[in-house]
1. Please report, in cubic angstrom per residue, the volume enclosed by the convex hull of the alpha-carbon atoms of the stretch 331-412.
2. Full-extension gain between D145 and R380, please, as 0.36 nm times their residue separation minus the C-alpha to C-alpha distance.
3. Under the rule of -39500 (n - 2.57) per DSSP H run of 4 or more residues, summed and divided by the residues of the chain, what mean residue ellipticity at 222 nm is obtained, to the nearest 500 deg cm²/dmol?
4. Would you calculate the volume per residue, in Å³, of the smallest convex hull containing every Cα atom of the stretch 299-441?
5. Only Lys, Arg, Asp and Glu count, each charged at its Cβ (+1, +1, -1, -1), so figure out the dipole size of the chain about its Cα centre, rounded to 20 debye.
6. Assigning unit charges at the beta carbon (Lys, Arg +1; Asp, Glu -1) and nothing else, what dipole magnitude in debye, to the nearest 20, does the stretch 260-333 show about its Cα centre?
7. Could the peptides 291-300, 39-48, 241-250, 346-355 be put in order, highest first, of the mean number of other beta-carbon atoms found within 10 Å of their residues?
8. How high is the FRET efficiency from R243 to R192, r the C-beta distance, R0 22 Å, rounded to 0.05?
Amino acid sequence: MTFEENASGAASAHRREQAVRAAVEHGLIGAAEPVVGLLDVAGIRQSATRLRAAFEEITPPGTPVLHAFAVKAAPLVPVLRLLAAEGLGCEVASPGELAQSRAAGVPAERILLDSPAKTPAELRTALELGIALNADNPRELDRIDALVAAGQPASRVGVRVNPQLGGGTIGAMSTATATSKFGVALQDEGAREWVVRAFLDRPWLTRLHAHVGSQGMPLELMAAGVRETYGLAEEINAAAGRRQIDTLDIGGGLPVNFDSDEFTPSYRQYARLLRSEVPGAFDGRYGIVTEFGRSLLAKNGLTLARVEYAKSAGGRPIAVTHAGAQLATRTVFAPASWPIRVVAYDAEGRPKSGPAVAQDVAGPCCFAGDLVARDRPLPRLDEGDLVALLDTGAYYFSNHFAYNSLPRPAVHGFVTAPTGSGGVRFGLVRSTQTVDEIVAESGGGQRNALSELR
């Protein structure tokens, strides 16, 4: 961790304190709006800058590098628009994410389609629009063959492989295990030979893709995945007698530190490790594509929720809030893998002081396990106070769990002015979901569909 990166964490925390207070003053949080998401625009821009700079440092000038943001981490059109303005593209995994990227104005040549279950229609659309895609398996490549026929596709097409290197500390997030559902399993009998032959038979296949990283994965294992991918690309190019593979898609998945405000590990740390471990991949002979998501957004967002009631049970204080499993789904159901930092504020948005008291912070869902923090030492929370769930800029606003038909909360971006020159400005990213929208989504327009069915 460099001094600059440490300072960045401190600056981010300071902006957060300003934003929480301002959110109360602007009425973005209160009795009528008891939960809201906040995104730090300056922090997002800084993350994008650090990512670009890290790879510029390890690649020769002129090397084609596309940083494609993993849209699943924050499928919000204004976020995609902001990242596009910072030079990033989009990695999409569904028609919905593709539509969001297009709505954000991201050009087709900066969009990449990855998914283990692409339909023929999705493949056809990508090829017609000139969107790059990675074939996940032999059957999918057969489908692409049929769509391409004897022509040269406008899209850049690659194959996704799984080097089967093992998993990290979170099994559900590990994409390079022996039995992962993603890509062609390279260590399975005959698989490597099939991949080589697939490229030799299709001169229009020009990319090789592997995604090893995710939360809980050590950087060394991620680098090993890139090394395996590079080695296979060299083998294919040697067999072809030319540089058929010209681009390596190394995925994303840089882990995020959820324990403090420090941005660690950093993109620079990872990039330098890659240059050390796989120098040939970054000597300018290959274009590079990355697919980072969580690491760009997580620490640049927070969820702010009002304490509706303060109670106790069995001697344990419980703060009942409006942010639970419907937002922090992974945290509630897998707290050991997805712990979250919680900060206490008073009703005015000022940091709450007082002795720490072990207490539960509960959500509004009607099951006993809806807790975002258990036995957590915090200043004692009272009715009307606020809690901030930190580092929730990625996935917490996209993985909404519709249990109890609770609405998706509003999300606002914010910028803070220099000291003495004006305060905090907010921009609405997404409105609070209305009750009418919930009813419509649940079939309200077809209320007689079953009762009249004979």
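Quick note: the coordinates plus some simple rules give every number you see, no bench work behind them. Nothing here was measured: the structure is a model prediction, and the numbers come from that model. Note that we place each Cβ from the backbone using ideal geometry, even for glycine, and neighbour counts take in every protein chain shown.
1. 116
2. Length gained between D145 and R380: 78.3 nm.
3. It lands at -9500 deg cm²/dmol.
4. Details: hull volume 18.1 nm³, N = 143.
Hull volume normalised by residue count: 127 Å³.
5. 260
6. On the way: 10 positive and 6 negative charges, 30 e Å.
In total the dipole reaches around 140 debye.
7. 291-300, 39-48, 241-250, 346-355
8. For R243 and R192, the calculated efficiency is 0.65.
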